[in-house]
2 protein chains.
Amino acid sequence: VTAQRRRQRSPARQLSEREAILLLEQLFDAGGGRVGPARPRVVLGIGDDAAVLRGGSGLMVWSVDVCVEGIHFERAWLRLQDVGWRSLQAALSDLAAMGARPLAALCSLILPGTTTRAELRALGSGQAESADAGGCPILGGNISRGSELSVTTAVLGVAARVGQRSGARPGHDLWLVGDVGLAAAGLSLVARRAFLRRRGPGQQAEQVCVQAWRRPRALIRQGRTLVRRARAVIDLSDGLAGDAARLAEASGVRLLLEERPLRQLLRPELCAACTSLGSDPLSLALYGGEDYALLAAGPPRQRPRYAHRIGRVLRGSGVWLEPSSGGHPRRLREGFDHLRK
Amino acid sequence: VTAQRRRQRSPARQLSEREAILLLEQLFDAGGGRVGPARPRVVLGIGDDAAVLRGGSGLMVWSVDVCVEGIHFERAWLRLQDVGWRSLQAALSDLAAMGARPLAALCSLILPGTTTRAELRALGSGQAESADAGGCPILGGNISRGSELSVTTAVLGVAARVGQRSGARPGHDLWLVGDVGLAAAGLSLVARRAFLRRRGPGQQAEQVCVQAWRRPRALIRQGRTLVRRARAVIDLSDGLAGDAARLAEASGVRLLLEERPLRQLLRPELCAACTSLGSDPLSLALYGGEDYALLAAGPPRQRPRYAHRIGRVLRGSGVWLEPSSGGHPRRLREGFDHLRK
């Protein structure tokens, strides 16, 4: 690309999430000092699911997550109670990936000026239910007005040891804990129903998918035992393909997903819902986000019973899919970008 | 108010920040369990400047703060670099009020789709400078798209003991650390200049005010020594009158501000700027926010040299001003509400 073409292109080009993160990483490393003697309590900084600090007898694991109206949810599709529930579980899922036990949460709300008491009650009840289910009391936070509703949740947890994204090595197997694709199917079903102005419960398979999307659960318990066996862990918030690419990059390896075991793991409810949606369940599993399942890599003999083998780690880079047909693996495109549409 | 009048009024009535906080406090206390045996590590929950957890050898102090475009700043008035600086200092000011030493920060950004690399660089540079100045490295965070720019900052600090809002008792004096009113004058000057489309440095007094607004500094060092002497501390983010009302309520006391010592403490630059603004400097000191000074209450003989006496603690409730003229004290209205305009 010549300098002139670059100049012409750049005003129209949206900043990508990856570019934005790399830029901030540079700025914050320069400004705030590096991990090392100058930051004796910092164990892990930017680039993983959470930051890790040395705290007393163990490690403190600390993360922040945000849900924005119009980006992460539409009120026509999701009750505010569900928005509250999901916002906390999404933050807890980062702790799950690090193998941490939740200690407490803080939440920061941006509320439109028209917000009613009933709406705030619905949102807050969902957060409180979620906090109760996750064993993670909300200790406080902050409220501000703004034009669009958003919920930012900071969570603090403790761990004896933490899972990272960077430990996958050639020879390891890839393990999946939890379901993938259900939440994306649920979202599609809800969006279509809202579009058709249909009400009612739908079929049971559809209900399972919608519930997976509305009420995800961070896999805290599984995460805590998983980090003792695995060498790398990441939670799947942006889709299996996209988050696997992050793990592959952090570890400097290629990940090969195998279509056959992956398809066998897909829930029958997902396949049933996909029939009525006209979607391919594997595609939802790979590119649909917000499942909050866990992807891990580790030595084959270390795999826990509740983790399912879905591929292997190779030398190279990127995420590839080995077709059931036995043909050549193909490279998968990456997942969701939070800054681009 | 009859039920009917209440019904008629309620659709037009905006939820206040206080109502919102009380509602969430109820919900989160019920949902997440109470401080006590069920939450062994939680020392202080909702209702103070920060949450406090027991962590290893001391206390972990944890807070979150948000800056929203259109509410906390306008881009016509403030460079993005200053937005970055202020967002971190505002969060650090909560740690200052608790007497904590900053450990690290996480930031969560909501960026409009049109955000350029140069804009993100400006914002991030301001955050990085601020992190450096505050000795508080930024360890990571989160980015999302949204329609309006906002910066949410979570900060974690450590303390041997913490300052709270609830310890003021009749017989204590009221102490002020830092300047009040300058930031509000700075904001008025910048807004007027933008309105008049005037450029240029202005007079030196005006520069001091504008700088106080653009580049506040959390009083971390003073806060750490202040909590050893004072029985109650709060930081002044929403104006002296408003934050004093919070301290009065948390402590169950009346605060009497004395006009004479308070006026003597006002900076000459504030008085000069107020002449050109046609404002009363005392009014800016009482109702102008974002000073990030500290207000404390403690036994008269415990007052540190850098803290100035500005009033006293009495039985009763509310915040009152004793006029220099010696007339009857008058009750002050409360300050800024983040949910109402």
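The values are calculated or read from the model by the stated rules, or taken from the named source; none is laboratory data. What you see is a predicted model, and the numbers here were worked out from it, not measured in a lab. Ideal geometry is used to build each Cβ from the backbone, glycine not excepted, and the neighbour counts take in all protein chains shown. With ligands, DNA and RNA removed, areas are computed over all heavy atoms of the protein, side chains included. Shrake-Rupley method; radii C 1.70, N 1.55, O 1.52, S 1.80 Å.
Observations
- Look at (1) within 7 Å of chain B (Cβ to nearest Cβ); (2) buried (at least 18 other Cβ atoms within 10 Å of the Cβ) and you find that A:Arg41 fails only one, number (2).
- Among residues of segment B:248-270, those that are more than 19 Å from B:Asp235 (Cβ to Cβ) and of a type in the set (Ser, Thr, Tyr), counted: 0
- Test for B:Gly316: is it open to solvent by less than 10 Å² (accessible area, probe 1.4 Å) and either part of a helix (DSSP H, G or I) or in contact (Cβ under 8 Å) with a residue 12 or more places away in the chain (or both): no
- One residue stands out among those in segment B:244-273 that are of a type in the set (Gly, Ala, Ser) and in contact with an Asp or Glu (Cβ under 7 Å, 6 or more places away or on another chain): the one that is least open to solvent (accessible area, probe 1.4 Å), which is B:Ala273.
- Only one of the numbered conditions (1) within 22 Å of A:Ala183 (Cα to Cα); (2) open to solvent by less than 30 Å² (accessible area, probe 1.4 Å) is violated by A:Ser276, and that is (2).
- The residues of segment A:78-105 that are among the small types (Gly, Ala, Ser) and free of Cβ contacts under 8 Å to residues at least 60 places away in the same chain, listed by number, are A:Ala104, A:Ala105.
- Filtered residue count, segment A:57-88, keeping only those that are acidic (Asp, Glu), more than 10 Å from chain B (Cβ to nearest Cβ) and either open to solvent by 10 Å² or more (accessible area, probe 1.4 Å) or under 20 Å from B:Arg41 (Cα atoms) (or both): 1
- Of all residues in segment A:141-158, those that are open to solvent by 10 Å² or more (accessible area, probe 1.4 Å) and closer than 20 Å to B:Arg54 by Cα total 2.
- Scan of segment B:106-125 for residues that are more than 7 Å from every other protein chain (Cβ to nearest Cβ), without any contact (Cβ under 8 Å) to a residue 40 or more places away in the chain and not β-branched (Val, Ile, Thr), ordered by number: B:Pro112, B:Ala118, B:Glu119
- Lone qualifier among B:Ala91, B:Ala100, B:Ala128 - being crowded, with 24+ Cβ neighbours inside 10 Å and facing chain A (nearest Cβ under 7 Å): B:Ala128
- Being open to solvent by less than 50 Å² (accessible area, probe 1.4 Å) and touching a Phe, Trp or Tyr at 6+ places or on another chain (Cβ under 8 Å) is a property that holds for B:Glu290.
- Selection from segment B:130-150 of residues that are touching a His at 6+ places or on another chain (Cβ under 9 Å) and in contact (Cβ under 8 Å) with a residue 60 or more places away in the chain: B:Ser150
- Restricting segment B:74-119 to residues that are in a helix (DSSP H, G or I) and charged (D, E, K, R), the residue that is farthest from B:Arg217 (Cα to Cα) is B:Arg117.
- B:Leu286 aliphatic (A, V, I, L, M) and not in a strand (DSSP E or B): yes
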